[in-house]
Every structure is written in structure tokens, then in C-alpha cells.
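Coordinate-derived values only; no laboratory data. Keep in mind the model is a prediction, meaning the values are calculated, not measured. Using ideal geometry, Cβ is built from the backbone for each residue, glycine included, and neighbour counts are taken over all protein chains shown.
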Amino acid sequence: MAGENGLLPTWEADTLIIGTFNPCNDWVINNQANYFYGRSQYFWKAIPQFACYDEIDNLDVVAQFDFLKKNRIALTDLLISINDVDVENEDHRNWIGSYLDNELNNFPDITWNTSNIIEYIIRNKIKAVYFTRLGNNAPFGEQITIIENYCNVNGLINFRLHTPTGLGLGAGAPRRNKLIHRWYEQGGNQFPFLCPDFDINDPEFVWHL
């Protein structure tokens, strides 16, 4: 659907959640993501819980759009395109196929979504901005800081959330529940779409070491 599979959605939103990048299938044949966080193990398992919804399948884009629209949530990425890349270059394929953010430092010519994101925040009167990346390393740290600075100057809620891949969460199971607790502590308790009945101490969200 035009506008919905692009980097910025067309529906009205109060919350903007910003990721980093996702390579297209020309580069990574086994990339089955149809929409944002389609590869993420936990995003679509965790984020609906805050709105008192059930988990959503990673590949069910129809259910994802329905959830996002009803809860006025927008998703986007920081990176639009890498312009000095060659699909025939094995190193390039390996760097992109690794999904590692730091490997993108090998490409100096990147088109960023940063100015579009700020314009989107202004145009849609976004109330809260969340980044699904904690670190401040290149190449994404500078772009995140630009958006954070804009939010801070204009009094907008903004937080960095633990990666929805669950990487670096440490011990604990089930992982979804530990991530929910981590997000809640990192600013999820201020999600504009937080359900009035959400209770972080609900037995449904218990996790064990």
C-alpha cells in the first residue's frame, strides 16, 4: 500500500518509534521482513502488550497496520539509502548482510532520514519519540542526537529503548517479559498508547533469572 510500506507512514500518530535500517531482499535473500521490525524476535511480541493487545506475528503486516493505526503509532528508520554500495562487491554484501550497525561505517555516502523525521514530528504534532537503539556510536549516534536535541528543546518525551532483538539483555526468561520490564523502566511507562489496565507487576509479565 503506497505510503504505508515507505519510511514514514500516512496515518495520524502520537508516538514515533525510530529504528536504524533494514536491508532490502536484493542484498539479504533470507530477509523475510515485510515491514519494520519484521526480523526482530521480540518487537511485535512486546510492544502490543503495552496497549493491552495480544502478540502480533512478525509477518502479519495487516495486523501490524491495524494495531499501529488504532494506537496512533508511527514507525520509521534513520537510514534511507547507502549510495556508494555495489551488490557485486562481496565485502559490501557481507557488511550489509551482517545487520551490524557498525559495519555501515564502511560506507561514507549515506542518505539520512533525519530531516524528514523532524518535519514529520512537527507536522503530526508527535507527543513522544522512542529510539530502539541505546548506543551513541557511529554512524547512527549523531543522527539520534540531532533528533533528541530537537525533542528536548521543544519539550517532547524522548527515550532510548533496549534493542528489540533482545541482544545484551543478560540472563532472564522469558525474554519477552524481561524486555517489557526493561522498556517500561526506560520510558515505556510514558508511552502515549499505554493501556490504563497495563500493570508491569501482572503475573503475565513475570520473568525469572
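General remarks:
- Debye-sum result for segment 88-128 in log10 I(q)/I(0), which assumes one identical scatterer on each alpha carbon, at q = 0.15, 0.20, 0.28 Å⁻¹: -0.55, -0.69, -0.92
- In order through segment 66-79: 3J(HN,Hα) via Karplus (6.51 cos²θ - 1.76 cosθ + 1.60), integer Hz, x for Gly, Pro: 4, 5, 5, 5, 5, 9, 6, 10, 10, 10, 7, 10, 6, 9
- Calculated FRET efficiency for the pair R123/L194, C-beta based, R₀ 30 Å, to 0.05: 0.80
- Given (1) 27, 21, 17; (2) 32, 18, 18; (3) 42, 24, 15, the label whose value is semi-axes √(5λ) of the Cα gyration tensor in Å derived from this model: (1)
- Projecting label points 7 angstrom from Cα along Cα→Cβ for I157 and L169 puts them 2.2 nm apart.
- Sum of -39500 (n - 2.57) over DSSP H runs of 4+, divided by residues of the chain (222 nm, nearest 500): -8000 deg cm²/dmol
- Each residue, D54 and N201, gets one label point 7 Å from its Cα in the Cβ direction; the gap between the two is 2.9 nm.
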